[in-house]
Amino acid sequence: MPDTEKTGTRTKVIAITGTSSGIGRATALALAAAGATVVLGARRSDRVEQLAGEIRERGGRAVALATDVRRRDDLIRMVDTAVTEFGRLDVLVNNAGIGPISPLDDLRVDEWDDMIDVNLRGVLHGIAAALPVFRHQGFGHLVTVASTAAYRTVPGQAVYSATKTAVRTVCEGLRQEVGETVRVTVVSPGFVHTDFVNAVADPHARAALVASRDAMALDPAAIADAIAYAVTQPDQVDINEIVVRPTAQR
Ligand SMILES: NC(=O)c1ccc[n+]([C@@H]2O[C@H](COP(=O)([O-])OP(=O)(O)OC[C@H]3O[C@@H](n4cnc5c(N)ncnc54)[C@H](OP(=O)(O)O)[C@@H]3O)[C@@H](O)[C@H]2O)c1
């Protein structure tokens, strides 16, 4: 029996992408507070270093890495760091994502490409980095942050929805392929109060989203709690999908 069965997060080594803000940051703090050792990545390495320092000051174990999920090697480095510094990788949280949403008529093709590269290719790079290690260890857990946009598409979100629907599909395929030793969880948030909407280029659309966010969005801690719930289940319990919306969201 791997010792991950013994004590929930206390003995777990957990790598998390996109920890420089929002849901990733909240998840790192929640899991570290619960005793996990965390390996933190994002491109804004100053922010990630600061977060790792905060966690260590509180008595936790954390390392920070400059990580761009568009680069496969960066995900390999995250996974390798977990294994070389802490002996194993129990969980990879594929959280990094962007949402520069716009109507298709705007032809913001570069932004479509960016969403595909970060939201879909980034998750695939995470799977490619972690899966061989999980296979070798005989245990592991892939947690991916998708979105309610993976379940319901609205105007302006076609490409974003497509990327999130795709990662949900990839994770379902992975779940069916990996058998009993690797757990696969998709956590799909509704509106969460983060910097996410800042990427929207059109100022009117962005202002409308900010107003809507400020009226109803969830604290990122709500999503961190959902991730912690999945991670802390006994090893034979595989929480496959969690959808978390503000009560006010339709
Ligand atoms: N907020 C919402 O309402 C909402 C709803 C549903 C789903 N989500 C999903 O939740 C996840 C987290 O978003 P958030 O709301 O917490 O937004 P956020 O505050 O903007 O955080 C996004 C994180 O992703 C990282 N990131 C972006 N591009 C990256 C790249 N190429 N490589 C590595 N990291 C990258 C950012 O770090 P750097 O810029 O420093 O790299 C940042 O840490 C995303 O997958 C998003 O799709 C959010």
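Tabulated data
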quantity: Test result for V133, assigned to a strand (DSSP E or B), surrounded by 17 or more Cβ atoms within 10 Å (Cβ to Cβ) and more than 12 Å from the ligand (Cβ to nearest atom); calculated: no
quantity: Filtered residues of segment 84-102 (kept if of a type in the set (V, I, T), surrounded by 24 or more Cβ atoms within 10 Å (Cβ to Cβ) and farther than 19 Å from W112 by Cα); calculated: V91, V93
quantity: For A128: the one exception among (1) farther than 30 Å from A217 by Cα; (2) crowded, with 20+ Cβ neighbours inside 10 Å; (3) within 16 Å of the ligand (Cβ to nearest atom); calculated: (2)
quantity: Filter pass, L174 being hydrophobic (A, V, I, L, M, F, W, C), at pLDDT 95 or above, over 14 Å from the mean Cα position of the chain (by Cα) and at positive phi; calculated: no
quantity: Segment 167-215, residues that are part of a helix (DSSP H, G or I), over 18 Å from A226 (Cβ atoms) and touching a Lys or Arg at 6+ places or on another chain (Cβ under 9 Å); calculated: V178, V197, N198, A199
quantity: Positions within segment 140-198 being without any contact (Cβ under 8 Å) to a residue 60 or more places away in the chain, farther than 28 Å from A82 by Cα and among the hydrophobic types (A, V, I, L, M, F, W, C), in sequence order; calculated: A149, A150, V154, A158, V159, A162, F191
quantity: V93 being closer than 18 Å to Q137 by Cα, within 12 Å of the ligand (Cβ to nearest atom) and at pLDDT 95 or above; calculated: yes
quantity: Long-range neighbours under 6 Å by Cβ, at least six apart or interchain, first residue closer than 10 Å to G97 by Cα within segment 107-125, second among the aromatic types (F, W, Y) and at pLDDT 95 or above; calculated: M115/Y160
quantity: Subset of segment 24-40 [touching a strand residue (DSSP E or B) at 6+ places or on another chain (Cβ under 8 Å) and either more than 13 Å from the ligand (Cβ to nearest atom) or over 17 Å from T194 (Cβ atoms) (or both)]; calculated: L31, A32, A36, T37, V38, V39
quantity: Output for segment 204-224, where each listed residue is surrounded by fewer than 18 Cβ atoms within 10 Å (Cβ to Cβ) and closer than 20 Å to K12 by Cβ; calculated: A221
quantity: Which numbered condition H193 misses (of (1) more than 10 Å from the ligand (Cβ to nearest atom); (2) surrounded by fewer than 20 Cβ atoms within 10 Å (Cβ to Cβ); (3) not hydrophobic (A, V, I, L, M, F, W, C)); calculated: (1)
quantity: Residue list for segment 27-64, filter: buried (at least 20 other Cβ atoms within 10 Å of the Cβ) and either among the hydroxyl-bearing types (S, T, Y) or farther than 22 Å from A221 by Cβ (or both); calculated: T27, T37, V63
quantity: Flag for P220 being touching a residue at least 40 places away in the same chain (Cβ under 8 Å) and near the ligand (Cβ under 10 Å from one of its atoms); calculated: yes
quantity: Residues satisfying the stated conditions in segment 136-165, i.e. under 16 Å from R121 (Cβ atoms) and in a loop (DSSP other than H, G, I, E, B); calculated: A146
quantity: Contacts under 6 angstrom Cβ, first residue in segment 71-100 being closer than 23 Å to T181 by Cβ and touching a residue at least 12 places away in the same chain (Cβ under 8 Å), partner in a helix (DSSP H, G or I) and polar (S, T, N, Q), 6 or more apart; calculated: R88/Q137; D90/T4
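The values are calculated or read from the model by the stated rules, or taken from the named source; none is laboratory data. A quick note: this is a predicted structure, and the numbers were derived from the prediction, not measured. No Cβ is skipped: glycine too gets one built from the backbone with ideal geometry, and neighbour counts run over all protein chains shown.
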